[in-house]
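The structure appears right after this line, and notes come after that.
What follows draws every value from the coordinates through simple rules; no lab data is involved. Worth saying up front: this structure is predicted, and the values here are computed from it rather than measured. Heads up, the Cβs are rebuilt from the backbone with ideal geometry, glycines too, and the neighbour counts pull from every protein chain shown.
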Amino acid sequence: MFHKWPKYTVVFFSVLLMCLPGFSIHAQTVKHIVVIDPAHGGEETGNIGIDKVAEKNLTLAIALALQTELARESNMEVILTRDSDKTLSLDERKNNITKIKPDMVLSLHINAGFGKTSSGFELYYPGFKNVNVPRKSGKKDVVGAENKHLNDTVKLARLVQKNLDGLFPRKSRGLRDAGVPLAEGPSVPVLVVELGFATNPDDKKKLASDKTQKEIARALAKSIKSFF
Ligand SMILES: [Zn+2]
């Protein structure tokens, strides 16, 4: 019988109802958006290393396993930059990320060394000096946002380091502040994980195994869950 009430009464009660504790459509439907970026793809194979399995296939397999791990989380929406073996340029990835505006981006890579001895995982994040801050209006806000993104990235990096360390003891090569091309443009936290070396026989064998891929996915999923 709303139509018989004066319009402002309806508006007043509607607003009052929305202010009641527990009546928050917003809190219930807003999810943390996580973008998983399996690096390379299609014509761009990435590192090939010591056997025929290319970096692009390993990053995709691990990204898909990670998506499966996180699919059960009702408070998260997981989006992959690619879910098949397709060519995707850096600009396409960045434009998609800018549109999606995720809470975080986890970019997965496989490293390569000059010899066969390099082994283990490395984490890269763009430190403050590596983040573009536009000089124009709103600089203060941009700096504030970039500070938050940096804090978030470091927090996630520490969690990933801890959980991967549990899987690959003493294999951490550290957390490095470096320029991350994927983070240049989209104003969101971006963490790059180099999961091992394609040029190391041991690393490569592990990375190509279904078992290790799932273990890595679980370790990364655990880190993301702890982060939120
Ligand atoms: Zn790569």
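Between A178 and K140, the simple spin-label model (points 7 angstrom out along Cα→Cβ) gives 3.6 nm. Counting only aspartates and glutamates at least 8 places from K116 when in the same chain, those with an alpha carbon closer than 14 Å to its own are D51, D202, D203.
For an R0 of 22 angstrom, estimate the FRET efficiency from the Cβ-Cβ distance between E73 and R158 and round to the nearest 0.05.
Values: r = 20 Å, r/R0 = 0.93.
Efficiency computed from Cβ-Cβ geometry: 0.60.
Of the listed pairs K148/K205; K94/K140; K86/K211, which have alpha-carbon separations greater than 30 Å here?
Details: K148/K205 38 Å; K94/K140 23 Å; K86/K211 25 Å.
Pairs exceeding the cut-off: K148/K205.
Please compute the length gained on full extension between E44 and S226, using 0.36 nm multiplied by the number of residues separating them and subtracting their Cα-Cα distance. If you can, show how the numbers build up before the last one.
Details: separation 182, 0.36 × 182 = 65.52 nm, distance 3.29 nm.
Computed gain between E44 and S226 is 62.2 nm.
Projecting label points 7 angstrom from Cα along Cα→Cβ for K171 and L80 puts them 2.2 nm apart. Divided by 2.2 N^0.38 Å, where N counts the residues, the Cα radius of gyration of the range 31-227 comes to 0.99. A simple spin-label model places the labels of V30 and N147 2.1 nm from each other, with each point 7 Å out along Cα-to-Cβ.
If each residue's Cβ is checked for other Cβ atoms within 10 Å, how do E69, E55 rank with the fewest at the top? Intermediate values should be presented prior to the final figure.
Numbers: E69 20, E55 26.
Placing the least packed residue first, the sequence is E69, E55.
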